[in-house]
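Undergrad: The structure that follows is given in the form of structure tokens.
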Amino acid sequence: MKTVIRGGTIVTAADVVHADLLIADGKIEMIGENLVRFADEEIDASGKIVIPGGIDPHTHLDMPTRSTQTSDDFETGTIAAAAGGTTTIIDFAMQEKGQSLFDVLDIWHKKAEGKAVIDYSFHMMIGDLSGPVMDEIVKLPEAGVTSLKVFLAYKHTLQVDDQTLFQSLLQSGKSGTLVAVHCENGDVIDTLVNKALSDGRTDPLFHAITRPPDAEGEATQRAIALASIAGVPIYIVHVSCKEALEQVIRARTDGKPVYAETCVHYLVLDESAYSKPGFEGAKYVCSPPLRAKHHQEHLWSGLKNGFLQTLASDHCPFCYKEQKELGKGNFSLIPNGVPGIEDRMTVFYTAGVRSGKISVNQFVDITSTRSAKIFGLYPKKGTIAAGADADLVIWDPEKEKTVSAQHQHQRVDYNLFEGMKVKGVPAQVLSRGKTIIKENEFVGSAGWGKFVPRAVHTRFHG
Ligand code: URP
Ligand code: ZN
Ligand code: ZN
């Protein structure tokens with residue numbers, strides 16, 4: 001069956017054109033004028049923009065932590081993603097101590113298969129680089145996994161030392177695997193956390209106080225330096241502050257292959273959230289933490305000027321009741337992570353495009369195209385072109401809504417952006433040509449989403 005999306009304004013990272021789009025067999029077949037004559041079905045997009053489906057490069061679905069489990073699985077999490085205009089996610093498959101990376105991949109495939117409603121891929125999140133793991137890193141691309149994440153924070157659990165980071169960078173260089181790094185100095189943070197707790201400081205606010213921007217800046221500088229010595233590219237996840245961004249700017253200005261992501265929550269929320277009454281601040285506990293408001297203007301400038309390439313949700317949802325509450329009386333036990341898979345694009349569109357901070361082409365580039373390029377999904381995903389998957393969002397730039405937990409698809413008992421008014425929302429979302437969201441209603445099916453093996457990163461596409 002052939003479908004035409006007619007009368008819309010097609011927006012890619014590069015262009016804005018008024019044209020019809022012909023879809024056949026889940027792919028874009030043709031872009032042009034008056035294509036309705038070729039179609040069995042038509043979708044009217046007049047007054048709307050048609051954009052490539054969003055790619056969220058950083059999610060944590062169905063992920064165990066030391067005390068609990070993220071509250072969205074691959075079904076609820078990907079329905080929420082789709083409702084917000086995202087048609088591909090790259091989720092973090094998490095290795096437990098001693099596990100083979102290929103066993104971890106099997107586990108993550110089982111979590112996603114039959115559940116995901118949009119396409120997905122995996123990064124490998126590594127906490128233990130001993131035994132055969134270093135050899136396995138080189139073989140991961142054969143399984144379609146071309147990126148790793150390692151941690152310079154979370155002492156006693158996931159944190160690796162500099163030698164291990166350096167060795168994993170060297171090893172990844174052999175197969176072209178891109179290393180993503182969580183940059184916070186875990187030793188400094190551990191010391192500050194212990195001191196705060198021994199001083200009787202147990203509130204959520206101390207989560208932010210014990211993870212200062214300089215601890216992120218220092219670790220970012222170190223990770224970039226080690227990648228530079230190893231002669232490999234590096235991807236810095238969830239940049240939250242000026243101190244870290246400055247290191248990225250310096251490296252990119254020097255021509256180094258350094259890529260960096262920020263998250264929607266760092267752009268519109270700030271550390272004052274931790275002082276909400278009672279234990280409410282726990283809802284905002286994530287690492288790195290929300291920062292003082294002035295960091296936001298630096299992050300926006302980093303996005304506008306191309307120093308930050310991608311926008312993630314870092315969706316890592318825990319319910320307030322019973323999950324965030326695990327840290328009552330000790331902020332260091334609050335599960336780290338916030339929900340945002342559903343709101344990433346709508347909040348960013350309003351705060352970025354509506355306010356004039358970024359162009360609509362940059363919106364597409366940052367929410368979709370750049371992730372596709374950096375992570376080896378391009379041009380199958382991340383653009384509108386003949387031959388690309390018909391992952392498309394018919395976006396209504398004039399429609400308004402108030403963000404609220406009451407109307408969300410995410411399986412979590414609060415919304416991080418509660419009460420925010422947004423203008424510009426998905427009217428219809430297609431995954432490989434099939435409509436899966438219509439006016440905020442899910443009309444797709446569990447299991448429609450397929451694993452997408454990724455190519456290795458090339459500098460040409462970065
Ligand atoms: O607080 C966060 N970001 N939780 C998820 C794990 C991570 O570090 O990305
Ligand atoms: Zn992280
Ligand atoms: Zn994360």
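Undergrad: List the aspartates and glutamates whose alpha-carbon lies under 20 Å from that of Lys399, not counting same-chain residues fewer than 8 positions away?
TA: Asp44, Glu342, Asp343, Glu418, Glu439, Glu441
Undergrad: OK, next. Treating the beta-carbon of each Lys and Arg as +1 and of each Asp and Glu as -1, no other charges, what is the dipole magnitude of the chain about its Cα centre, to the nearest 20 debye?
TA: 540
Undergrad: Now a separate question. Between Ala260 and residues 5 or more places away or on another chain, which pairs have amide H atoms under 5 Å apart, with H built 1.01 Å from N, and which residues are they?
TA: Those qualifying (amide H under 5 Å, at least 5 residues apart or on another chain) are Ile236, Gln309, Thr310.
Undergrad: Now for a different question. What are the ³J(HN,Hα) couplings of segment 397-411, residue after residue, when phi is run through the Karplus curve with 6.51, -1.76, 1.60 and θ = phi - 60°? Round to Hz, x for glycine and proline.
TA: With the stated coefficients, segment 397-411 comes to x, 9, 7, 10, 8, 9, 5, 7, 4, 4, 10, 8, 9, 4, 8 Hz.
Undergrad: Okay, next question. Show me, for segment 166-179, the HN-Hα J-couplings you get by feeding each phi into the Karplus relation (A = 6.51, B = -1.76, C = 1.60, θ = phi - 60°), rounded to Hz, glycine and proline as x.
TA: 4, 5, 5, 5, 4, 5, 5, x, 5, 10, x, 5, 8, 8
Undergrad: Using modelled amide H (1.01 Å from N, peptide plane; none on Pro or chain starts), what sits under 5 Å from the amide H of Lys115, excluding residues fewer than 5 places away?
TA: Gly447
Undergrad: Considering only protein heavy atoms and a 1.4 Å probe, what is the carbon-and-sulfur percentage of the accessible area of segment 270-341?
TA: On the way: 1250 of 2450 Å².
Of the solvent-accessible surface of segment 270-341, carbon and sulfur hold 51 percent.
Undergrad: Quick one: net charge of Tyr284's neighbours, Cβ under 9 Å, K/R +1, D/E -1?
TA: 0
Undergrad: On a C-alpha basis, how far is the centre of segment 1-77 from the centre of segment 169-202 in Å? Whole number, if you could?
TA: That distance is 36 Å.
Undergrad: Please get the size of the charge dipole for segment 94-244, origin at its Cα centre, with Cβ charges of +1 on Lys and Arg and -1 on Asp and Glu, quoted in debye to the nearest 20.
TA: So the dipole magnitude of segment 94-244 works out to roughly 180 debye.
Undergrad: Next question, about the same structure. Whenever you get a sec, compute what percent of the accessible area on segment 348-411 sits on carbon and sulfur atoms (1.4 Å probe).
TA: Here carbon and sulfur together make up 47 percent of the probe-accessible area.
Undergrad: For the chain, with every protein chain kept in place, what is the accessible area per residue (1.4 Å probe, Å²)?
TA: 36
Undergrad: Further question on the same structure: For the chain, find the longest principal axis of its Cα atoms and tell me its angle to the long axis of helix 242-253, 0 to 90°, nearest 10.
TA: 60
Undergrad: In square angstrom, rounded to the nearest 10, how much accessible surface does Met63 have for a 1.4 Å probe?
TA: It works out to around 10 Å².
Undergrad: So, one more: Return the inverse of the average 1/r over all pairs of distinct C-alpha atoms in the chain, which is the Kirkwood hydrodynamic radius, in Å to one decimal.
TA: So the Kirkwood estimate lands at 22.0 Å.
Undergrad: Once amide H atoms are built 1.01 Å from N in the peptide plane, which residues 5 or more positions from Gly340, or in another chain, come under 5 Å H to H?
TA: Cys316
Undergrad: In square nanometres, what is the average projected area of the Cα convex hull of segment 111-182?
TA: 5.6
Undergrad: Hey, another quick one. Can you tell me which lysines have their Cα less than 24 Å from the Cα of Lys195? Leave out same-chain residues fewer than eight positions away.
TA: Output for Lys195: Lys155, Lys276, Lys283, Lys324, Lys328.
The values are calculated or read from the model by the stated rules, or taken from the named source; none is laboratory data. Bear in mind the structure is a predicted one, so any value in this text is a computation, not a measurement. Note: ideal-geometry Cβ built from the backbone for every residue, glycine included; neighbour counts use all protein chains shown. Keep in mind that these areas ignore ligands, DNA and RNA; they rest on the heavy atoms of the full protein, side chains included. Shrake-Rupley method; radii C 1.70, N 1.55, O 1.52, S 1.80 Å.
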